[in-house]
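Asks: This is the structure I want to talk about, given as structure tokens.
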Amino acid sequence: AQRVTQPEKLLSVFKGAPVELKCNYSYSGSPELFWYVQYSRQRLQLLLRHISRESIKGFTADLNKGETSFHLKKPFAQEEDSAMYYCAQGSGNTGKLIFGQGTTLQVKP
Amino acid sequence: EAGVTQFPSHSVIEKGQTVTLRCDPISGHDNLYWYRRVMGKEIKFLLHFVKESKQDESGMPNNRFLAERTGGTYSTLKVQPAELEDSGVYFCASSLTGATESGKLFFGSGTQLSVL
């Protein structure tokens, strides 16, 4: 079965420090991968998707098929980045997403 | 544009009771999904509607859960009878297209269900 793993429940960094939220997936084909974010008292929302190779709010994520990883990175964390981050993998073409357990990012001043 | 709306935001019921959750998707979105996050675990897929048809209900835990989407507009998720392990946050999401090439699901705020 397809599975998405986020090994860290909590990641705490100081403002200005680099951030890397880890995500590993299990899929032998060409995966469709996404990062979703939920800020405090807000809805879960799409942050970025690997297919568009975009940088959103300074975050990037590179697909590494060899390591089956899709880690989320930002060179300089900001306090407003504090949120819950979920890595997700698409399953077929139905729009069904398989989510990881989520990582809480805490950026301290 | 109104977002995905879920009612109620919180529900506290006793074991054995029935609860019905409602989701109003974004107007025009044919695809509607239900997800659930149980405390400390990942967000899990429950089912997917395309208009009024169930496209995929592989994630429904058991027959105590019944989802409907009459007329292809809003959807309800009924739990009858509720058990303690049903506690969690139930999310609804909708999308214009079902394909994961967009991956853009619009989520509601969720319903926090507590079964005592």
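Asks: When ranked by the protection proxy of mean other Cβ atoms within 10 Å per residue, highest first, what sequence do the peptides A:36-47, A:8-19 form?
Replies: Output ranking for A:36-47, A:8-19: A:36-47, A:8-19.
Asks: Restrict the search to region A:52-99; then list the trypsin sites (Lys or Arg not before Pro) that DSSP places in a loop and that have at most 14 other Cβ atoms within 10 Å of their Cβ.
Replies: When the trypsin sites (Lys or Arg not before Pro) of region A:52-99 are filtered for loop state and at most 14 Cβ neighbours within 10 Å, A:Arg53, A:Lys57, A:Lys65 remain.
Asks: Answer with one residue from A:Gln89, A:Leu63, A:Cys23: the one whose Cα lies farthest towards the positive end of the charge dipole of region A:1-97, charges on Cβ with Lys, Arg +1 and Asp, Glu -1.
Replies: Working it through, the farthest residue towards the positive pole turns out to be A:Gln89.
Asks: Let me ask you something else. Accessible area per residue, 1.4 Å probe, Å², for region A:3-108: what's the number?
Replies: Value for region A:3-108: 49 Å² per residue.
Asks: Output the pairs from A:Lys57/B:Lys54; A:Lys108/B:Lys104; A:Lys73/B:Lys104 with a Cα-Cα distance over 25 Å in this structure; if there are none, say none.
Replies: Checking Cα-Cα distances, A:Lys57/B:Lys54; A:Lys108/B:Lys104 exceed 25 Å.
Asks: Let me ask you something else. Hey, got the dipole for the protein assembly as shown? About the Cα centre, +1 on K and R Cβ, -1 on D and E Cβ, debye to the nearest 20?
Replies: Magnitude of the dipole: close to 240 debye.
Asks: Ok, one more. Within 10 Å of each candidate Cβ there may be at most 16 other Cβ atoms; applying that plus a DSSP loop requirement, which GluC sites (Glu not before Pro) in region A:22-109 survive?
Replies: Filter output for region A:22-109: A:Glu54, A:Glu67.
Asks: Could you tell me the total accessible area buried at the A-B interface, probe 1.4 Å, in square angstrom to the nearest hundred?
Replies: Rounded to the nearest hundred, the buried surface is 1900 Å².
Asks: Let me know the mean shielding of B:79-88 by other chains, meaning the per-residue number of their Cβ atoms within 10 Å of its Cβ.
Replies: 0
Asks: Here is a further query. Pull out the extension gain between A:Arg41 and A:Ala17, defined as 0.36 nm times the separation in residues minus the alpha carbon to alpha carbon distance; nm, one decimal.
Replies: Length gained between A:Arg41 and A:Ala17: 6.2 nm.
Asks: Skipping prolines and chain starts, which residues have an amide H placed within reach, meaning under 5 Å, of the one on B:Gln55, given they are 5 or more residues away or on another chain?
Replies: B:His48, B:Phe49, B:Val50
Asks: Using R₀ = 35 Å, calculate the FRET efficiency as 1/(1 + (r/R₀)^6) where r is the Cβ-Cβ separation of B:Ser9 and A:Gln78; round to 0.05.
Replies: In this case the efficiency is close to 0.75.
Asks: Another question, if that's okay. Scan around B:Thr97 for amide H atoms under 5 Å from its own, H built in the peptide plane at 1.01 Å from N, and keep only partners 5 or more places away or cross-chain.
Replies: So B:Thr97 has HN proximity to no qualifying residue.
Asks: Turning to a different aspect of this structure: Over the whole of B:54-64, what's the average partner chain Cβ count within 10 Å per residue? Rounded to a whole number, please.
Replies: The shielding value for this peptide is 1.
Asks: Ignoring trypsin sites (Lys or Arg not before Pro) that are buried or in helix or strand per DSSP, and keeping those with at most 16 other beta carbon atoms within 10 Å, what is the longest stretch of chain B between them?
Replies: B:65-103
Asks: Another question, then. Average partner chain C-beta neighbours within 10 Å, per residue of B:34-45?
Replies: Mean inter-chain Cβ contacts per residue within 10 Å come to 4.
Asks: Quick one: pull the percent of accessible area on chain B belonging to carbon and sulfur, 1.4 Å probe, ligands and nucleic acids left out. Numbers along the way, then the final one.
Replies: On the way: 2750 of 5550 Å².
Here it works out to 49 percent.
Asks: Taking a probe of 1.4 angstrom, what is the accessible area of B:His10 in Å², to the nearest 10?
Replies: Solvent-accessible area, nearest 10 Å²: 130 Å².
Asks: Additional query: With +1 assigned to the C-beta of every Lys and Arg and -1 to the C-beta of every Asp and Glu, and no other charges, what is the dipole magnitude of chain A about the Cα centre in debye, to the nearest 20?
Replies: 180
The values are calculated or read from the model by the stated rules, or taken from the named source; none is laboratory data. All figures in this text were calculated on a predicted structure; none of them were measured in a lab. Don't worry about glycine lacking a Cβ; one is built from the backbone with ideal geometry, like all the others, and counts go over all protein chains shown. Accessible surface is based on the protein model in full, side chains and every heavy atom, while ligands, DNA and RNA are left aside. Shrake-Rupley method; radii C 1.70, N 1.55, O 1.52, S 1.80 Å.
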